[in-house]
Amino acid sequence: METKDAAGTTDAIATMVDSETKDATSVKDAKEVGDASETIDGTDIEDTAEGEPGESLGYDEEGGMDMPNRLLVIWKNLAVGGIVAGWRNRAAALSRHGIRTHFLFFHDRGGRSLLKGVAPYAIVKDEKEAARRIRNRKYGCIVVIDSRQAFSLVAASGYRGPLVVESRVSVADYVGRELREMAGLRPTCIVAASAYQKSLVSGILRNTPAVKVIPNTVDTRRFRPLPASRVPADITPPRAKGKKIIVWIGRVSREKNWELFLEVAKATAKRRDDVFFWLIGGGVNRKEMRKLRRQIRKMDLSKRYFSWRREMFPYRQMPKVYAAVAQSGGALLSTSSHESFGNVFIEAMACGCPVVAPKHTAIPEIIEDDRTGLLYRPGDRRHAMRQLRKIMDRKEKRERLIREALQDVRQKYGIRGKYTRMYVDLIRKLMTAKTAAVSEIGKTGENGDVPLLLTEE
């Protein structure tokens, strides 16, 4: 039976990976530490996440705290998604180099589990209080992920140190709205997760500092192939048992183009009965969620071959989800119309789960067609279905794609890979560069970077 063959292949890969990573953190046995959180509303909650019992996230009212080795990251949403997941991995890597990362968010979107036991974070309720605390704390560097609200907060704090702006949103008009209004701030440099994203930013902004391309990373100690014995039998929908699972994972939003996934599911079910389509994801856009629900009913998608899980799995459970899909003989199918990067791709690849995705925006930078995954013409349902059939029905091709993807993701995107080292090096150099007009950090190199412009402290 083909499903058993797929499981056997995954078990073999899992055994190989385990032999190479004896010091890897087990998904099942990973140590969970207390929730290192606070709410900036006038009351501090103690941070015990980093092995320093009783250390407070509070501030010295009489003069502040000098924190040259501490990095602050500010973004809108504490959500289960690629941005927070990527920064989770960076925070872990930075900590090994003596740099502690703190996070500020404006909204809690259910992503607390990603930072649990990794780094302290705060949910901003009072922006004036948050600005005052940033000012008193004197961080060694601040990273702002493209958000006008975050820019305003940093400007209000009077912060004058190194400032990194990350551009992550892949929709061009939205990027423009966010980055054109930086509240008078002059960033030290701008970081993009892909060459595609860099081209968007460079086309929108003029006279900007360096735009450095540093892709996201994945914790390959946690996200790795698992043997069948490590995957609970009930992690997938009951009706998916014995079938090849095609999974869609992400935020339910227009740019994710979930309609195409439904179309592929409906058309495939007319041709074969050994496939199950599984959509995992919700979101804060209630209108889009209602639209998805209506479309499922309208298309009469049967529970025999389709299931929608409205909540994301806890982050620590995701390797088991990818493993279950891989062992079924299935794949991850992306239908996104825009991607600045896409952490779901490298997570799946790291777990031995093959990927089928559209050939546009940043995706071809991550997935090399017919080597580390399969790409299809954007919006082309028939082509997507043909690529899925290759993944499901051609055993040798499937095994080759899994092996190549696993090797690629470990070398490039792993927690000790080259892109993690690039970001660590950037932050370390910015923190040690006290005053300069032009830094040597960003000299023209392989990415065509121009010198970074530094602000005086």
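The values are calculated or read from the model by the stated rules, or taken from the named source; none is laboratory data. Because the structure is a prediction, the values reported are computed rather than measured. Quick reminder, even Gly has a Cβ in these numbers, built from the backbone with ideal geometry, and neighbours come from all protein chains shown.
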Checklist entry - Are any residues in the range 264-282 closer than 21 Å to residue 376 by Cα, surrounded by fewer than 16 Cβ atoms within 10 Å (Cβ to Cβ) and either touching a residue at least 12 places away in the same chain (Cβ under 8 Å) or not assigned by TED's automatic domain parsing to the domain that holds residue 344 (or both), and if so, which ones? => result 267
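Every residue, every condition in (1) over 23 Å from residue 225 (Cα atoms); (2) under 16 Å from the mean Cα position of the chain (by Cα), yes or no:
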residue: 239; (1), (2): yes, no
residue: 245; (1), (2): no, no
residue: 281; (1), (2): no, yes
residue: 290; (1), (2): yes, no
residue: 293; (1), (2): yes, no
residue: 314; (1), (2): no, yes
residue: 320; (1), (2): no, no
residue: 341; (1), (2): no, yes
Item to check | Filter result for the condition that a residue is in contact with a Gly (Cβ under 9 Å, 6 or more places away or on another chain), among the small types (Gly, Ala, Ser) and closer than 24 Å to residue 345 by Cβ, over 85, 131 | outcome: 85
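Out of 391, 346, I need the residue that is touching a residue at least 60 places away in the same chain (Cβ under 8 Å) and within 22 Å of the chain's Cα centre (by Cα). Which one? Even if it seems obvious, please write down each step before you answer.
Details: 391 fails: within 22 Å of the chain's Cα centre (by Cα).
The unique qualifying residue is 346.
Could you grab me the full set of residues in the range 133-148 that are of a type outside the set (A, V, I, L, M, F, W, C) and modelled with pLDDT of 90 or more?
Taking the range 133-148 as the starting set, the residues that turn out to be of a type outside the set (A, V, I, L, M, F, W, C) are 133, 135-140, 146-148.
Those that are of a type outside the set (A, V, I, L, M, F, W, C) and modelled with pLDDT of 90 or more: 139, 140.
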Checklist entry - Would you call residue 146 buried (at least 18 other Cβ atoms within 10 Å of the Cβ) and either closer than 21 Å to residue 99 by Cα or not hydroxyl-bearing (Ser, Thr, Tyr) (or both)? => result yes
Checklist outcome for this item: Filter the range 118-129 for residues that are within 26 Å of residue 424 (Cα to Cα) and either surrounded by 19 or more Cβ atoms within 10 Å (Cβ to Cβ) or among the acidic types (Asp, Glu) (or both); the one that is modelled with the lowest pLDDT is 118
Checklist entry - How many residues does the range 402-457 hold that are among the basic types (Lys, Arg) and modelled with pLDDT under 50? => result 2
Next on the checklist: Given the criterion in the same structural domain as residue 203 (by TED's automatic domain parsing) and surrounded by fewer than 16 Cβ atoms within 10 Å (Cβ to Cβ), identify the matching residue among 96, 168, 137, 100.
Outcome noted: 96
Item to check | Residue match in the range 228-244 (condition: more than 15 Å from residue 309 (Cβ to Cβ), in the same structural domain as residue 319 (by TED's automatic domain parsing) and touching a His at 6+ places or on another chain (Cβ under 8 Å)) | outcome: no
Item to check | Residue count for the range 287-308, restricted to those that are touching a residue at least 60 places away in the same chain (Cβ under 8 Å) and not in a loop (DSSP other than H, G, I, E, B) | outcome: 1
Item to check | Filter result for residue 78 (closer than 17 Å to residue 424 by Cα, surrounded by 20 or more Cβ atoms within 10 Å (Cβ to Cβ) and touching a residue at least 40 places away in the same chain (Cβ under 8 Å)) | outcome: no
Next on the checklist: Condition first: β-branched (Val, Ile, Thr), within 22 Å of residue 430 (Cβ to Cβ), touching an Asp or Glu at 6+ places or on another chain (Cβ under 8 Å) and without any contact (Cβ under 8 Å) to a residue 40 or more places away in the chain. Can you find one or more residues in the range 169-184 that meet it?
Outcome noted: no
Next on the checklist: Among the residues that make up the range 248-259, is at least one of them touching a Ser or Thr at 6+ places or on another chain (Cβ under 7 Å), under 17 Å from residue 6 (Cβ atoms) and crowded, with 17+ Cβ neighbours inside 10 Å?
Outcome noted: no
Next on the checklist: Just the residues that are closer than 16 Å to residue 389 by Cα and in a loop (DSSP other than H, G, I, E, B), please, taken from the range 248-286.
Outcome noted: 270, 271, 272, 273, 274
